[in-house]
Amino acid sequence: MRKNARLTHLDANRTPAGKVPVEERDVEIRQTICAICNPFSHCGVDAHVKDGAIIKVEGTKSHPHSEGTLCAKGAASREYIYHKERLRTPLLRKGERGSDEFEPISWDEALDRIEDRLQKIKRESGPESVAFYVGYTKWMRPFVKRLAHSFGSPNYCTESSTCYTATKVANLLNYGYFGPPNLAKSKCLLVWSKNPFYSDTSAVRRLLDARERGLKIIEVGPLITPLTAHADIHLRIRPGTSGALAHGMAHVIIEEELFDVDFVENWTLGFEEYRAYVEGFSPAVTEEITGVPAELIEQAARFYATTKPAALMTSASPTVHHTNGVQNHRALTALIGLTGNFDREGGNYVVPPGWLYVENGLITRQSQYEQSRPWPEMAPRITEQKYPVWSRFIPETQAMELPFQIQNPDPYPIRAVVAFGMNYRMWPGSDFFYESMKKLDFMVNMDLFMTDTCRLADIVLPACTSFERSELKFYTEDYVVWTTPVIRPLWESRSDADIIFDLAKRIAPEDDLMQKGYEANVDWILEPTGLKVEKLKKYPAGYAVKNIEKPPYQKYEKSGFPTPSGKMEFASTIMEEANYDPLPTFQEPKLSPRSTPEVAKDFPLILTTGARLPMYIHSRTFRLSWTRGLRPDPMLDINPKDAGERGISQGDWVALSTPRNSIKVKANLTEVVPPGVINIFHGYSEPEVNTLFEPDYLDPVSGFPGFKSLLCEVKKTEVEKRLL
Ligand code: SF4
């Protein structure tokens, strides 16, 4: 047994009080990163290590990205690392699938069994019948994708089937490439359904600094957020109507001739059709659809179009978690081109992708690395025909189709799933996916904890945290880190990378590069940058890369847009070819007061879900008492007006019902939600909010679930015993 395997979860509560003179206490400060949330953050951490155990964590003050800050999740790292529910050994299922009956097995036995089962299924049904999936965290994705393709399966899919990729598709349809807001140079920021205070905390300080410099902020979104206090204008839309609001703003901008005539004339396709279409979205009509007062729409449109340069900031999901998601998002990003703010200083600035979603100007070979086998050498992905546009831009399988494909094996079956950090509750109609997974012949899940999804697996493998492994990390501040483990992997846990490269020896022996191991593969990816793992190891706190050449602004003037027409497309050639509306037309959500008034008679409120609280991300930090204690009970947010009409008081148990299902939660009366809207934050497993959605409540272009606009009703119910 390893030395630190004697540690138990109780050690997490032995924090020394106050600052300690570290030399005297034999405490070493080792630097690493927190990787609990998304790759844009990954804050620097000083881990105080004594006798092989982390006794305290603090933010690294010299870290150029996080500058010493940690959010509530990162501050709870010790409880996360030493949690009593950490998986300790590989486990083999003994009982029925979904039961909690497992027995410990050795790593060799686990990997041998996985090899045997996967090779047998490959022989019988082809490699495509094995799906590979990565949930959270994301750092190992390129290696898993390569493993899948080298095994021969095109069916590599990720949690990004419900996150970000639909916005990417929308952006690529309009522009062919895209970029984030160039905040440092911007004078006006249109923040569309993003709450960085909860979901992107490291961006907040920069945003507030810019605000102090005079940045104007227009916020769009139904909820009042911490950003609202800093916004000049807040447009409180009805959920699911972003597209209509964007068209209403475009209507004003065009009618008042505030658009960039030169850009529109020289660099766009389909402007006249677009102009004719948005003529139908007068401020009065747009008010009727969105609920935003006409004068505010006019004011925001003028403000955004005339305060130059202006940038658009969106989030990964809120605008696309609707059954009209991609077209919603296309509509709002069309405003960037219309106002001439695309790829301009202070606008939305395009920087090519670097490593794991972080763009800092360094070019790697990530995409070449991932796709080890060309598509024509594999069977078609299961979702290529259903989502042709999404599949054209996203080199993955749309995971929302997995439950259907498992149930209906046409054109071929999915018999096995090899998963890293899968959470079945992420799917709409999560109970349907749960039942589908029971039909699998074989399933493996790697995770830190014994989750309910692990209970569905045949073999469960224990992964370790970012504190126990090495990984490559890029930051936008021209900074690269190869992290050094600050403690050894606890118990028998291992780095996902070690597991992946061990699996590669067994199931992808012809992939010569993968046989060379993790660090050699990272070196291969890094080759165009001139960096190497050995060099980065000499800088455990991170390496500042000098003289990264940043791409120029307005690149399209030299080489056009990477779209079929070479222009920004108001009317998309690709959408037209695929028989979708080429214009970013507005459709009501599948279920809404306007599209289905008959359903709205019984379910008159709008349900929006999927937003996160600052101390939680997905299901990752719910089991920590340090974070769970901040809001222990699952609650829905309801406006006091709606609550009063239903006789509901603060803390009452209520039944939240949709046409599909009903769950019980506590009521939180708050003006954060407008009248007519119910908000429920994501991640609580009790109750399971995604069972309120039909499994096919999806956007037809991207397959994204419509988590943020559904009809519902709330009624007071009998007292529920505390669910926790
Ligand atoms: S969870 Fe918090 S501390 Fe950790 S990387 Fe994300 S923002 Fe930083």
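The values are calculated or read from the model by the stated rules, or taken from the named source; none is laboratory data. Quantities reported herein were computed from a predicted structural model and do not represent experimental measurements. A quick note on method: Cβ atoms are made from the backbone with ideal geometry, for glycine too, and the neighbour counts reach across all protein chains shown. The area values use the complete protein model at the heavy-atom level, side chains included, leaving out ligands, DNA and RNA. Shrake-Rupley method; radii C 1.70, N 1.55, O 1.52, S 1.80 Å.
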How many of the residues making up the range 29-43 are within 21 Å of residue 614 (Cα to Cα) and either part of a loop (DSSP other than H, G, I, E, B) or open to solvent by 10 Å² or more (accessible area, probe 1.4 Å) (or both)? 10
Restricting attention to the range 69-85, report how many residues are open to solvent by less than 10 Å² (accessible area, probe 1.4 Å) and either more than 10 Å from the ligand (Cβ to nearest atom) or of a type in the set (S, T, N, Q) (or both). 4
Show the residue pairs meeting these rules: Cβ distance below 7 Å; 6+ apart or different chains; first residue within the range 70-85 and closer than 26 Å to residue 455 by Cβ; second residue within 7 Å of the ligand (Cβ to nearest atom). 73/36; 73/37; 73/617; 77/34; 80/36
Would you please name the residue that is farthest from the ligand (Cβ to nearest atom), looking only at residues in the range 86-107 that are of a type in the set (S, T, N, Q) and in contact (Cβ under 8 Å) with a residue 24 or more places away in the chain? 99
Go through the range 44-68 and report how many residues are within 14 Å of the ligand (Cβ to nearest atom) and open to solvent by less than 20 Å² (accessible area, probe 1.4 Å). 8
Residues located in the range 357-378, provided they are open to solvent by 30 Å² or more (accessible area, probe 1.4 Å), assigned to a loop (DSSP other than H, G, I, E, B) and under 30 Å from residue 412 (Cα atoms): 371, 372, 373, 374
Filter the range 450-477 down to the residues that are open to solvent by 10 Å² or more (accessible area, probe 1.4 Å) and under 22 Å from residue 99 (Cβ atoms) and list them by number. 450, 451, 452, 455, 458
When the range 324-356 is examined, which residues are found to be under 19 Å from the mean Cα position of the chain (by Cα) and surrounded by fewer than 24 Cβ atoms within 10 Å (Cβ to Cβ)? 353, 354, 355, 356
More than 28 Å from the chain's Cα centre (by Cα) and closer than 30 Å to residue 46 by Cβ: is that true of residue 558 in this structure? no
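Considering each residue of the range 492-522, count those that are open to solvent by 40 Å² or more (accessible area, probe 1.4 Å) and under 27 Å from the mean Cα position of the chain (by Cα), and give that number.
Of the residues in the range 492-522, 3 are open to solvent by 40 Å² or more (accessible area, probe 1.4 Å) and under 27 Å from the mean Cα position of the chain (by Cα).
I'd like to know if the range 190-208 contains one or more residues that are in a loop (DSSP other than H, G, I, E, B), surrounded by 21 or more Cβ atoms within 10 Å (Cβ to Cβ) and more than 16 Å from the ligand (Cβ to nearest atom).
Keep residues of the range 190-208 that are in a loop (DSSP other than H, G, I, E, B), which gives 193-195, 200.
Okay, now just the ones that are also surrounded by 21 or more Cβ atoms within 10 Å (Cβ to Cβ), so 193-195.
Of the ones still in play, those that are also more than 16 Å from the ligand (Cβ to nearest atom) are 193.
Within the range 190-208, one or more residues are in a loop (DSSP other than H, G, I, E, B), surrounded by 21 or more Cβ atoms within 10 Å (Cβ to Cβ) and more than 16 Å from the ligand (Cβ to nearest atom).
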Go through the residues of the range 334-352 one by one and say whether even a single one is modelled with pLDDT under 95, within 29 Å of residue 556 (Cβ to Cβ), out of contact with any strand residue (DSSP E or B) (no Cβ under 8 Å at 6 or more places or on another chain) and not basic (Lys, Arg). yes
Exactly one condition in (1) within 11 Å of the ligand (Cβ to nearest atom); (2) touching a strand residue (DSSP E or B) at 6+ places or on another chain (Cβ under 9 Å) is false for residue 38; which is it? (2)
Yes/no for residue 575 being out of contact with any Lys or Arg (no Cβ under 7 Å at 6 or more places or on another chain) and part of a helix (DSSP H, G or I): yes
Quick check on the range 167-179: of everything there that is open to solvent by 10 Å² or more (accessible area, probe 1.4 Å) and out of contact with any Phe, Trp or Tyr (no Cβ under 7 Å at 6 or more places or on another chain), which residue is nearest to the ligand (Cβ to nearest atom)? 178
Output for the range 470-501, where each listed residue is assigned to a loop (DSSP other than H, G, I, E, B), of a type in the set (A, V, I, L, M) and more than 21 Å from residue 43 (Cβ to Cβ): 490
Residue hits (the range 145-164; under 17 Å from the mean Cα position of the chain (by Cα) and either outside any helix (DSSP H, G or I) or crowded, with 24+ Cβ neighbours inside 10 Å (or both)) are 156, 157, 158, 161, 162, 163, 164
Exclusive hit being closer than 24 Å to residue 503 by Cβ, in contact (Cβ under 8 Å) with a residue 60 or more places away in the chain and outside any helix (DSSP H, G or I), set 136, 177: 136
The one condition in (1) modelled with pLDDT of 95 or more; (2) within 16 Å of the ligand (Cβ to nearest atom); (3) not β-branched (Val, Ile, Thr) that residue 284 fails to fulfil: (2)
Quick count over the range 398-413, residues being in contact (Cβ under 8 Å) with a residue 40 or more places away in the chain and β-branched (Val, Ile, Thr), is 0
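Can you tell me which of 265, 219 is among the charged types (D, E, K, R), outside the structural domain of residue 681 (by TED's automatic domain parsing) and buried (at least 18 other Cβ atoms within 10 Å of the Cβ)?
219
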So which residues in the range 571-587 are of a type outside the set (S, T, N, Q), open to solvent by 40 Å² or more (accessible area, probe 1.4 Å) and in contact (Cβ under 8 Å) with a residue 60 or more places away in the chain? 580, 581
Output the number of residues of the range 98-126 satisfying the condition of being open to solvent by less than 30 Å² (accessible area, probe 1.4 Å) and not small (Gly, Ala, Ser). 5
